[in-house]
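What follows is one structure encoded as structure tokens, with my remarks underneath.
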Amino acid sequence: MIDSIRRRAAFGVAALACAAALPVGNAMAAFPDKPVTLVVPYRAGGSTETMARVFSKALSENLGQPVVVKTRPGGGGAVGATEVAAAAPDGYTLLFAATASLLWPPMTQKVEYTLDSFVYVAQVTEYQQAIVAKADAPFNTVAELIAHSKKNPGLNYADQSAMSRAYLDFIAKTEDLKWTAIPTKGGGEMIPFLLSGKVDFAWSGGVHSRYAGKIKVLASMNAQRLAASPEAPSIKEKYGIAMPSQAVIVAPAGTPADVVDRLQSAIKAASADPAFAELVEGKLKFPVKFVGPAALKADIDETVAGLKSVVDKTR
């Protein structure tokens, strides 16, 4: 009788121990158990949305669940970012976006998210931002552009956003120059403005890579030199600042660490997908560049410091 009671008690303890261990294992195994939404905060047909469509297929294969791409354009990315920031932090609603849309709006305008509203899961590529000019322009570097501007006041440039304008204004103020910004609606309008001579130089988010022989890079606006133009210095080398250049996938703040780990593992595998590489490297001329959460967060922190310098000097 006593032995029977002891056996039942021992069995009960073992059962409780197994039950206590189940939630962690089950939680990791359960995610994802339904489709994942990948929000793109820009219009359909743009480079980011196109990348997201191709990437979502590879990500779906690696997660074992459908990944549905949803476009939420507006506010320079702020509309989509706001939606994801307010979503449940469970890993089922993610944002595929340029870091500029996550960093610039909270620092310069009133939006419903902050620099701390997201968990940076991974980077998958990098926009090839640059200061560019026509191939026959009388300057080949930013240093030569500055010297030319001092001898020929009144130069103008094509910009595409408040942020690109702020960075070029930062350079102009540092060098005691006056450049006039000519707003353009994306690279599709910037290119004809530049090639027709309506502007003296321009900011480019990467479309210039498709015009080899017609357009030259004066400087990289990223933290590093551009893969296709390694001879052109980065503005960070001269001014200690750089534009946010990462294309990232982020989740709402508070997303559990095990879910983030599962996502970044799947994203890393998906970034090696041949179809994604063909689009990014073959057509867009961007590099495939996977960066995990820890290294990406350190890079973002450094980028934010440079952003604050630009905002302070140009506000």
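The values are calculated or read from the model by the stated rules, or taken from the named source; none is laboratory data. Just so it is clear, the structure is predicted and the values come from calculations on it, not from any experiment. Cβ sites come from the backbone with ideal geometry, for glycine too, and all protein chains shown count toward neighbours. Each accessible area value is taken on the protein alone, full model and side chains, heavy atoms only, with ligands, DNA and RNA left out. Shrake-Rupley method; radii C 1.70, N 1.55, O 1.52, S 1.80 Å.
Short version: ³J(HN,Hα) in whole Hz for each residue of the stretch 64-72, in order, from phi by Karplus 6.51 cos²θ - 1.76 cosθ + 1.60 (θ = phi - 60°), x for Gly and Pro, what are they?
x, 9, x, 10, 9, 8, 10, 8, 9
With all protein chains present and a 1.4 Å probe, how do F31, F290 order by accessible area, largest first?
Result of the area sort, largest leading: F290, F31.
Would you please state which residues of the stretch 48-79 a label at T114 would reach in this model, taking the label point 7 Å out along Cα→Cβ and a backbone N cut-off of under 20 Å?
78-79
Ignoring ligands, DNA and RNA, what percent of the accessible area of the chain is carbon or sulfur (1.4 Å)?
Ligands and nucleic acids excluded, carbon and sulfur give 56 percent.
What does the accessible area per residue of the chain come to in Å², with a 1.4 Å probe and no ligands, DNA or RNA counted?
Roughly 46 Å² per residue, with all protein chains present.
For the stretch 181-252, report the convex hull volume of the alpha-carbon atoms normalised per residue, in Å³, without decimals.
Numbers: hull volume 9.8 nm³, N = 72.
Each residue corresponds to 136 Å³ of Cα convex hull volume.
So for the stretch 205-315, Kirkwood radius off the Cα pairs, Stokes-Einstein at 4 °C and 1.567 mPa s: how many µm² s⁻¹?
80 µm²/s
Give, in nm to one decimal, the length gained when the segment between D136 and T174 is fully stretched (0.36 nm per residue of separation minus the Cα-Cα distance).
Values: separation 38, 0.36 × 38 = 13.68 nm, distance 2.63 nm.
Value of the extension gain: 11.1 nm.
Could I get the Rg over Rh figure for the stretch 25-104? Both from C-alpha atoms, Rh via Kirkwood, rounded to two places.
On the way: Rg = 13.0 Å, Rh = 13.0 Å.
Rounded to two decimals, Rg over Rh is 1.00.
Exceeding 31 Å between C-alpha atoms, which entries from my cross-link table qualify? They are K185/K313; K198/K289; K110/K178.
K198/K289, as the Cα separations exceed 31 Å there.
Which order do you get for V121, V54, V68 if you rank them by accessible area with a 1.4 Å probe, largest at the top?
The most accessible residue leads, giving V68, V54, V121.
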